[in-house]
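One structure is given below, encoded as structure tokens.
Quick note: the coordinates plus some simple rules give every number you see, no bench work behind them. Since the model is a prediction, treat every value here as computed from it, not as a measurement. Heads up, the Cβs are rebuilt from the backbone with ideal geometry, glycines too, and the neighbour counts pull from every protein chain shown.
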Amino acid sequence: MNVEKGFVDVPVEAGLDLAAEIRKLKEEKNAAILAHYYTVGEIQDLADFVGDSLALARIAETLDNDIIVMCGVHFMGETVKVLCPQKKVLVPDLNAGCSLADSCPAEEFSKFVEAHPGHTVVSYVNTSAAVKAHTDIVVTSGNAMKVVSSLPEDEKIIFGPDRNLGNYINSQTGREMLLWDGACHVHEQFSLEKILELKEQHPAAKVLVHPECPAPVRLVADKIGSTAVLLEYAVNDDATEFIVATESGILHEMRRRCPGKTFIPAPPNDSTCACNDCSFMKLNTLEKLYNTLRYEQPEVTVDESIIDAARRPITRMLELS
Ligand code: 13P
Ligand code: SF4
């Protein structure tokens, strides 16, 4: 099957009940579908597991399916492949990258590490497997604080690639981790001004903020955390209105879990759109998912030479969190 474009470019028969077909193929092929909270609602509804990066990495290892389809972005597919090299790992569209992972090319990162000997290298999971291979411990937004705090206070640390998350951890722990200067184009788009405007219209609303957002946005947060942490906060908190400063896909699960509550997406700074989408996550469509399962393409591959080196820091994270 030709996947030159990064996905199976075969037209789907008109009128096909895609959800039913996907369920059927999944059973026939003993496949599991994992989906990140930022994917479109219709994919989340079909997935066997929906979660944040940490939960998806954890679950992948425990599955006995022959095929795992990762509906998310490329580094998430790589993480599954690194943890389960014997399984066939598929993604609906190989073009689903990540601006944050792209802001940290492996070769430059390894030079940065070499230039600062004596440092423990902590990398956010939003990195390529090649960057993970130059890393001592991987973290996600769900466990970064805990993992960094578990290291001796005088340990010198390099943290990459997200300067906002790194800066947040430094501010909370009093550490002075050396930060790689990377960022996510979606979360950098949130602004304090726009959130304060929304706050004026909804004074009782609580503000939920992902730690990839810049420091001024974090200042007005009632809760800062990974997608899963923000979701649990919304479920358990007494407030009935929430302003959500992270990718808008999470609102699907928030609304499903909290039918009586109102969730207002914080808008990006430079457009008239009401919410902030990750264009990479949105490359995952039902049509592509159907074709992926049908033709078992495109497959995620990770160079044999880096699989073991990339697995070590991920396993260390899973043990510490
Ligand atoms: P989580 O780790 O919170 O799921 O976030 C992943 C991500 O890509 C954030 O932009
Ligand atoms: Fe990457 Fe940002 Fe998209 Fe998350 S939201 S996958 S960090 S580009």
Report task. Calculate, for LEU18 and HIS185, the FRET efficiency according to 1/(1 + (r/R0)^6) with r their C-beta to C-beta distance and R0 30 Å; round to the nearest 0.05. Result -> 0.50
Report task. Please work out whether segment 17-148 counts as rounded, prolate or oblate from its C-alpha gyration tensor, where a ≥ b ≥ c are the square roots of the eigenvalues and a/c under 1.5 means rounded, while otherwise a/b larger than b/c means prolate and anything else oblate? Result -> prolate
Query raised in the report: Rg and Dmax of the chain, using alpha carbons, in Å: what are they?
Result: 19.5, 62
Report task. Report ³J(HN,Hα) in whole Hz for each residue of segment 44-52, in order, from the Karplus equation J = 6.51 cos²θ - 1.76 cosθ + 1.60 where θ = phi - 60°; Gly and Pro get x. Result -> 4, 5, 8, 6, 6, 9, 10, x, 8
Report summary line: From DSSP H assignment alone, runs of 4+ in the chain each adding -39500 (n - 2.57), the sum over residues rounded to the nearest 500 puts [θ] at 222 nm at -11500 deg cm²/dmol
Query raised in the report: For the pair GLU200 and GLU155, how long in nm is the line joining their label points, each one 7 Å along Cα→Cβ?
Result: 4.6 nm
Query raised in the report: Using the alpha-carbon centroid of each, what span in Å lies between segment 129-181 and segment 187-232?
Result: 22 Å
Report task. Give the shape of segment 105-144 as rounded, prolate or oblate, defined through the alpha-carbon gyration tensor: a ≥ b ≥ c are the square roots of its eigenvalues, a/c under 1.5 means rounded, and otherwise the shape is prolate if a/b is larger than b/c and oblate if not. Result -> oblate
Query raised in the report: Which entries of LYS146/LYS194; LYS88/LYS132; LYS206/LYS282 show an alpha-carbon separation above 23 angstrom in the structure shown?
Result: LYS146/LYS194; LYS206/LYS282
Query raised in the report: Taking the Cβ-Cβ separation of ASN95 and GLU42 as r and a Förster radius of 22 Å, what is the calculated FRET efficiency to the nearest 0.05?
Result: 0.65
Query raised in the report: Taking the Cα-to-Cβ direction at GLU176 and at ASP277 and moving 7 Å from each Cα, how far apart do the two end points lie in nm?
Result: 4.5 nm
Query raised in the report: If you plug each phi of segment 9-26 into the Karplus form 6.51 cos²θ - 1.76 cosθ + 1.60 with θ = phi - 60°, what whole-Hz ³J(HN,Hα) values come out, in order, with x for Gly and Pro?
Result: 9, 10, x, 8, 3, 5, x, 5, 7, 4, 4, 5, 5, 5, 4, 5, 4, 4
Requested in this report: Could you name the aspartates and glutamates whose alpha carbon sits less than 20 Å from that of LYS199, not counting residues in the same chain fewer than 8 places away?
Outcome: GLU188, ASP222, ASP237, ASP238, GLU241, GLU247, ASP270
**Report entry** Tensor-based shape of segment 163-321 (alpha-carbon gyration tensor, a/c under 1.5 rounded, otherwise prolate or oblate)
**Finding:** oblate
Query raised in the report: For a paramagnetic label modelled at 7 Å from the Cα of ARG312 toward its Cβ, which residues of segment 47-85 fall within the zone defined by backbone nitrogen distances under 17 Å?
Result: 82-83
Query raised in the report: If the chain between TYR295 and LYS111 were fully stretched, how many nm would it gain, using 0.36 nm times the residue separation less the Cα-Cα distance?
Result: 62.3 nm
Requested in this report: Could you order peptides 130-139, 232-241 by the average number of other Cβ atoms within 10 Å of their residues, highest first?
Outcome: 130-139, 232-241
Report summary line: Ordering 69-77, 144-152 by per-residue average of other C-beta atoms within 10 angstrom, highest first, gives 69-77, 144-152
